[in-house]
Amino acid sequence: MTVFSKNRWRGLAIRLPKTTFGAFMLLFWMWWALLAVFRAFPGIDIYFSQLFFVGAGCDATAAAGSICGGFPYRDVATFDLLRTVFFRLPYVVAIVMAWKLVECYQQHGATFNAVRAQKLKVALGTLLIGPVLLVNVVLKEHWGRPRPIQTDIFGGTLHFVEAGSLAGKCVSNCSFVSGEAASAGWLLCLLLFVPKSLRYALAPPVAAISILTPAMRLSFGAHYLSDVVLGWLSSLVVFAALLALTESQQHQKNSEI
């Protein structure tokens, strides 16, 4: 390959951010860019949900023009059990982390591990601000997007609305965005705080859970693709924001010494 070709490929290479704040900005704008794509092309959501929907003949009581059928993966006992385990796992981990944080603050002076305490606070803060408050309290309760199984496209009674729309008629615990996907994204963030000696062993199962959780919500007809992607990514955005804020505060303290 010529020198010119090498330089050309170097110029086309993706430049990853070198700072935590840069990572936050990249993830933040990626979230909004993906939302814009899903809003501009709502057929993406419909297409991926249709992959898991199985139509069936309607009975005599169904209204004319009704679509009948369902999402068969919802009725698979193994998947339902996995969903229950994956749903509870992040909060079990959070309880253990909260206990470890209390243990940290029971130490004083030279025995107090400030770095460990800071990591635990960032992790728990991400769960509280992201999946709990931003997703479940704000977005899911006020954006009104019906779940796929609630829409008339898939046998429900409500109309489909695109990602981010406030026009939906869902009243509570709605589809935009997925809380379980957000919790799964949070689990993946924790790998950054795991010692390298354990990280390589834990990364495959944690990554599998982090991907399977939103995939199952999609296959159950509980969420659209945009709901799980944006929910999952939201935790990475919040995590990067808190990490960047923590590093900025620490740098400021060091400069004052």
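Surface composition of the stretch 145-201: carbon and sulfur atoms hold 62% of the protein heavy-atom accessible area at a 1.4 Å probe. Close amide H partners of Val177, meaning residues 5 or more places away or on another chain with modelled amide H under 5 Å apart, are Lys140.
Charge tally around Leu101: other residues with Cβ under 14 Å, Lys/Arg +1 each, Asp/Glu -1 each, net +3. If you add up the charges near Leu133, with Lys and Arg at +1 and Asp and Glu at -1, over every other residue whose beta carbon is less than 12 angstrom from its beta carbon, what do you get? Cβ neighbours under 12 Å give a net charge of 0. What's the tally of Lys pairs in the chain whose alpha-carbon atoms lie under 30 angstrom apart, where the two lysines are 8 or more places apart or on different chains? Close lysine pairs found across the chain: 17. Amide H contacts of Leu158 (H built 1.01 Å from N, in plane; Pro and chain starts excluded): Thr151, Asp152 sit under 5 Å, all sequence-distant by 5 or more or on other chains.
Across the stretch 26-154, how large is the tail of the calculated P(r) beyond 19 Å, expressed as a percent of all Cα pairs? Counting pairs separated by more than 19 Å, the tail of P(r) holds 71 percent.
When both the stretch 113-182 and the stretch 34-86 are represented by their alpha-carbon centers, they are found 18 Å apart.
Accessible surface calculations at 1.4 Å, restricted to protein heavy atoms, place the stretch 172-241 at 32 Å² per residue.
With a 10 Å radius around each residue's Cβ, average the other Cβ atoms per peptide and rank 125-131, 175-181, highest first. Working shown, then result.
Details: 125-131: 21.7, 175-181: 27.7.
Packing order, densest peptide first, comes out as 175-181, 125-131.
Taking θ as phi - 60° and the Karplus parameters 6.51, -1.76 and 1.60, the scalar couplings of the stretch 206-215 work out to 5, 5, 5, 5, 5, 8, 5, 4, x, 4 Hz in sequence order, x denoting glycine and proline.
Taking the dipole about the Cα centre of the stretch 66-161, with the C-beta of Lys and Arg at +1 and of Asp and Glu at -1, give me whichever of Phe86, Gln118, Leu158 is farthest to the positive side. Result: Gln118.
The values are calculated or read from the model by the stated rules, or taken from the named source; none is laboratory data. In this text, all values refer to a predicted model and were calculated from it rather than measured experimentally. So basically every Cβ, Gly included, is an ideal-geometry build from the backbone, and we count neighbours across all protein chains shown. Note: areas computed on protein heavy atoms with side chains; ligands, DNA, RNA excluded. Shrake-Rupley method; radii C 1.70, N 1.55, O 1.52, S 1.80 Å.
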